[in-house]
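The values are calculated or read from the model by the stated rules, or taken from the named source; none is laboratory data. For clarity, every value in this text was computed on a predicted model and none was experimentally measured. Cβ coordinates were reconstructed from backbone atoms using ideal geometry, including for glycine residues, and neighbour counts include every protein chain displayed. The accessibility values were calculated without ligands, DNA or RNA, using every heavy atom of the protein model including side chains. Shrake-Rupley method; radii C 1.70, N 1.55, O 1.52, S 1.80 Å.
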Amino acid sequence: VDLSSKIQNTQFKNLFLNASGIHCQSKKELEELMNDHYSGGLVTKSATPNSRFGNPLPRYHSLPAGSINSMGLPNEGFQFYLDYVTHSNIQKPTILSIAGMSKEEDLELLHQIQDSKYQGLTELNLSCPNVIGKPQMAYDFASSNQMLKEIFAFFKKPLGIKLPPYFDLVHFDKIAKILNQYPLSHVNTINSIGNGMWVDVEKESVVLKPKGGFGGIGGAIALPTALANVRALRQRLNASINIIGTGGVTSGKDAFAHVLCGANMVSIGTQLYEEGLGAFQRINNELIEIMKAKGYHSLDDFRGKLKEQ
Ligand SMILES: O=C(O)c1[nH]c(=O)[nH]c(=O)c1Cl
């Protein structure tokens, strides 16, 4: 059974990635992830021009079937991550995630990557829901289109974008129409489901400090939304644009479902945070068992072949 996959010309020994933000912020986390045998690639925490502490704590809370977070983009700063992915003992392909505070900052970071010797993949995060006062750019179709036009005027290295979930088929049509105009290496869908709320009934209180308790929802409860976004975008995007399926993956079964909907690679976020790096080995093994039972030898045997009723 072969779990290898690729994004454009970058070959991964297996389809599993960490979701950006999970186990990829500090040097220690990155080193452990780089040396982990069971994940095929490494995605950095979204980097901003300068390092950030992020939002006040508590800013993460486990839920009965997932998580809610309002981290606020804590990270070591762009130069740290660019240095890491260009100078460290690279054992697997990397995706450098960036998230400027404005279009100008995004363009500046991309110019720096274009002018650097980094040869890996880059992912522009257009969907962070937790920076106070900053909307999720990818919900603004005109701005996203304008941004991509300006980016592809100069950026020639592989570039993907991290999308928020959409909840309306017309919105899938609109965003796909925009994305199909650009030579993207991939889209990564979904980011957390923005601005959810969790209540501690005993304390009669919200559970997060920032933004009055509103935060991005992830984990098992996000799987139906994640599968819908992978499927809808696969049905609409040019075949040249690969898809990283993110959201709700807790088992080999969930990973299989993402690939069936069309995912080329699969990211694990909440489950990786809650279980630790062992989640990669467990989910790898579970997926292999499922493929063996079904007589599949590679992901291409079933990728995107979701049947309709
Ligand atoms: O609060 C965060 O740091 C964060 N949290 C998320 O759930 N998605 C993101 O893209 C980001 Cl940048």
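Values computed for the structure shown
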{"item": "Sequence-distant residues sharing a close amide H with Ile95 (under 5 Å, placed H)", "result": "Leu42, Val43, Thr44"}
{"item": "Probe 1.4 Å - accessible area at Leu82, Å² to nearest ten", "result": "10"}
{"item": "Accessible area expressed per residue, the chain, with surrounding protein chains retained (probe 1.4 Å, Å²)", "result": "42"}
{"item": "Ordering of 213-221, 5-13 by burial proxy (mean other Cβ atoms within 10 Å per residue, highest first)", "result": "213-221, 5-13"}
{"item": "For the range 77-211: rounded, prolate or oblate by the Cα gyration tensor [a/c cutoff 1.5]", "result": "oblate"}
{"item": "Charge tally in the Cβ shell below 10 Å around Glu76, where Lys, Arg are +1 and Asp, Glu are -1, Glu76 excluded", "result": "+2"}
{"item": "Structure-based [θ]222 nm, the chain - -39500 (n - 2.57) summed over DSSP H runs of at least 4, per residue, nearest 500", "result": "-10000 deg cm²/dmol"}
{"item": "Among 182-195, 42-55, 131-144, the order from most to least packed when residues are scored by Cβ within 10 Å on average", "result": "182-195, 42-55, 131-144"}
{"item": "In order through the range 137-147: 3J(HN,Hα) via Karplus (6.51 cos²θ - 1.76 cosθ + 1.60), integer Hz, x for Gly, Pro", "result": "3, 6, 8, 10, 5, 5, 5, 5, 5, 4, 4"}
{"item": "Those lysines that a straight Cα-Cα span of less than 21 Å connects to Lys253, excepting residues fewer than 8 apart in one chain", "result": "Lys6, Lys13, Lys292, Lys294, Lys305, Lys307"}
{"item": "Estimated FRET transfer efficiency (Glu204, Phe53; beta-carbon r; R0 35 Å; 0.05)", "result": "0.75"}
{"item": "Globularity index of the range 152-309, i.e. its alpha-carbon radius of gyration over 2.2 N^0.38 Å", "result": "1.15"}
{"item": "Where GluC sites (Glu not before Pro) in DSSP loops with at most 14 other Cβ within 10 Å are excluded, longest remaining stretch of the chain", "result": "1-201"}
{"item": "Signed unit charges on C-beta, dipole axis of the range 5-301, positive-most listed residue Ile98, Ala263, Leu30", "result": "Ala263"}
{"item": "The range 5-301 - charge dipole about Cα centre, Lys and Arg +1 at Cβ, Asp and Glu -1, debye rounded to 20", "result": "440"}
{"item": "For the range 5-301, convex hull volume per residue from C-alpha positions, Å³", "result": "123"}
